[in-house]
Amino acid sequence: MKRLRKTLLLTLGILCLLVLLAIVGLKLFFPSEKVRAMVETRAEDALNRDVAIASLNLSFLGGLGVVLEDVRISGPSWSDDTLLAAADEIDIKLQILPLISGDYRVDRLIVARPRINLRRFADGRTNFALESAEVDSTIPPQVR
């Protein structure tokens with residue numbers, strides 16, 4: 001019985017050490033400024049709007065997560081509106097296993113103090129339409 005207990009404790013200790021090393025490795029190889037720039041670029045490409053993020057923090061408690069602070073999405077270039085949407089903080093938690101295959105599945109999404117400016121102009125145009133952005137509107141099979 002003592003030998004089994006000792007083996008389990010050793011295995012648990014090694015597992016904890018590996019998790020700690022993985023967290024340190026992620027922090028070293030993916031600094032928050034690099035990740036912030038990557039998130040801004042991908043969001044701008046997806047929305048076809050300027051996106052600004054003041055800071056980004058990686059979170060490992062409760063799953064792999066990202067906390068975006070002071071997020072701003074600009075309005076269309078033809079509009080007088082300089083801001084389409086803003087939020088003081090966006091907290092996103094992702095499922096870890098689907099990330100290995102490149103699939104992003106959100107477990108939790110919290111938007112703190114959102115400000116949204118949606119307008120329809122007299123000529124029928126809207127400041128929120130994403131005409132030229134590529135939007136994937138297919139519903140994943142697990143949702144159906």
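What to note about this one:
- Whichever aspartates and glutamates have a C-alpha closer than 19 Å to that of Lys27, once near sequence neighbours (fewer than 8 apart) are set aside: Glu40, Glu69, Asp91
- 5 Å binning of all Cα-Cα separations within the chain, expressed as whole percents from 0 upward: 2, 8, 12, 16, 17, 13, 10, 7, 5, 3, 3, 2, 1, 1, 0, 0
- Note on Lys6: accessible area is roughly 150 Å² with a 1.4 Å probe, heavy atoms of protein only.
- At full extension, Thr7 and Leu97 could sit 29.7 nm farther apart than now, given 0.36 nm per residue minus the alpha carbon distance.
- Here the chain is treated with +1 on each Lys and Arg Cβ and -1 on each Asp and Glu Cβ, and its dipole about the Cα centre works out to around 1200 debye.
- Label point distance in nm, Leu61-Arg108, each placed 7 Å from Cα along Cα→Cβ: 1.0
- Distance between the 7 Å Cα→Cβ label points at Arg120 and Lys34: 4.7 nm.
- With all protein chains in place and ligands, DNA and RNA left out, the 1.4 Å accessible area ranks Phe30, Phe121 as Phe30, Phe121, largest first.
- Rolling a 1.4 Å probe across all protein chains gives Leu20 an accessible area of roughly 100 Å².
- Global form of region 1-70, assessed from the alpha-carbon gyration tensor, a/c cut-off 1.5: prolate
- Region 80-134: mean projected area of Cα convex hull, nm²: 5.7
- Each residue, Trp78 and Ala46, gets one label point 7 Å from its Cα in the Cβ direction; the gap between the two is 2.5 nm.
- Computed packing ranks the peptides 98-110, 80-92 as 80-92, 98-110, most packed first, by mean other Cβ atoms within 10 Å.
- When all alpha carbon pairs of region 50-101 are counted in 5 Å bins from zero, the resulting P(r) reads 5, 19, 19, 16, 14, 13, 7, 5, 2 %.
The values are calculated or read from the model by the stated rules, or taken from the named source; none is laboratory data. Predicted model, so just to flag it, every value in this text is computed and none were measured. Cβ sites come from the backbone with ideal geometry, for glycine too, and all protein chains shown count toward neighbours. Remember, those area values only see protein heavy atoms, side chains included, never the ligands or the DNA or RNA. Shrake-Rupley method; radii C 1.70, N 1.55, O 1.52, S 1.80 Å.
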